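A.B. asks: Supplied in structure tokens, the structure appears directly below.
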Amino acid sequence: AAAVYATWTMSEGKTVNTLSEGIPAVGIVLTVLAIGSTVAWAWGTVAGGAVQVVFLWLVLGERGRICPQFRLRSPQWGSFARGFAVVLAAQFFMSLTTVVDQFFATRMGDGVVSILGYANRVLSLGLAVGATAVTRATLPVFSGISADDKRSSAADDLVRRWTLWTFLASVLAASAGFALAPWMV
């Protein structure tokens with residue numbers, strides 16, 4: 001339900017959805033601090049997820065439907081299936097790289113697999129935070145521009161500026177990550 005409500009909140013242009021993404025983590029932290037046992041992780045996850053669902057339901061107000069309705073009669077299902085097949089194949093090959101990397105790392109000596117594991121965690125943390133922030137910031141803007149049939153040169157200029165600044169920030173982050181990688185890992 002949280003994912004559906006989050007999608008509906010984003011589609012309405014409400015950026016409060018980004019704030020709601022941290023609610024389950026806060027629930028885990030508070031439960032671990034209050035209970036202090038290993039069971040706290042499970043209870044914190046459940047409590048944080050429930051609070052997130054209620055929060056998003058309240059944000060949506062009367063439009064907060066209880067459950068989406070799925071039907072298989074739409075003509076868009078064909079194009080969805082073709083696109084889904086491409087994404088599924090890409091995800092398979094992207095997931096395969098982890099196994100291949102570990103296979104080659106085992107032949108490089110002691111401790112290399114753990115170093116690779118830590119490096120992957122540091123990398124995925126940065127990618128997840130960066131991708132989430134950039135996507136949440138640009139999705140409403142680009143969707144609005146794409147939906148507008150009368151796109152102007154100002155809209156195209158806005159997209160070019162966002163792309164340029166995102167690229168420059170990525171180059172800066174990659175350079176800093178490259179320099180700090182041995183220390184971070």
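A.B. asks: Would you compute, for the Cα atoms of the stretch 1-54, the largest minus smallest coordinate along each principal axis and list the three values in descending order, in whole Å?
C.D. replies: Projected onto its principal axes, the Cα set of the stretch 1-54 covers 40, 17, 13 Å.
A.B. asks: Where the only charges are on Cβ atoms (+1 Lys, Arg; -1 Asp, Glu), what is the dipole of the stretch 1-133 about its Cα centre, to the nearest 20 debye?
C.D. replies: 440
A.B. asks: Which three extents, in angstrom, do the Cα atoms of the stretch 1-150 have along their principal axes, listed largest first?
C.D. replies: Reported extents, whole Å, longest axis first: 58, 46, 31.
A.B. asks: Something else: Measuring from label point to label point, each 7 Å out along Cα→Cβ, what is the residue 82 to residue 175 span in nm?
C.D. replies: According to this spin-label approximation, the distance is 4.2 nm.
A.B. asks: What's the longest piece of the chain with no exposed trypsin sites (Lys or Arg not before Pro), counting a site as exposed if DSSP puts it in a loop and it has at most 13 other beta carbons within 10 Å?
C.D. replies: It works out to 74-149.
A.B. asks: Shifting gears a bit: For the stretch 104-119 and the stretch 2-57, write down the distance between their C-alpha centroids in whole Å.
C.D. replies: What the calculation gives is 35 Å, centre to centre.
A.B. asks: Oh, and also: Give me the one-decimal nm value for the distance between modelled label points at residue 33 and residue 99, 7 Å along each residue's Cα-to-Cβ direction.
C.D. replies: Using points 7 Å along Cα→Cβ, the separation is 4.2 nm.
A.B. asks: May I pose another question? Using a 1.4 angstrom probe, figure out how much accessible area the chain has per residue, in square angstrom, rounded to the nearest whole.
C.D. replies: Ligands and nucleic acids excluded, the figure is 75 Å² per residue.
The values are calculated or read from the model by the stated rules, or taken from the named source; none is laboratory data. This structure is a prediction, so every number in the text was calculated from the model and none was measured. Virtual Cβ from ideal backbone geometry, glycine too; neighbours counted across all protein chains shown. Accessible surface is based on the protein model in full, side chains and every heavy atom, while ligands, DNA and RNA are left aside. Shrake-Rupley method; radii C 1.70, N 1.55, O 1.52, S 1.80 Å.
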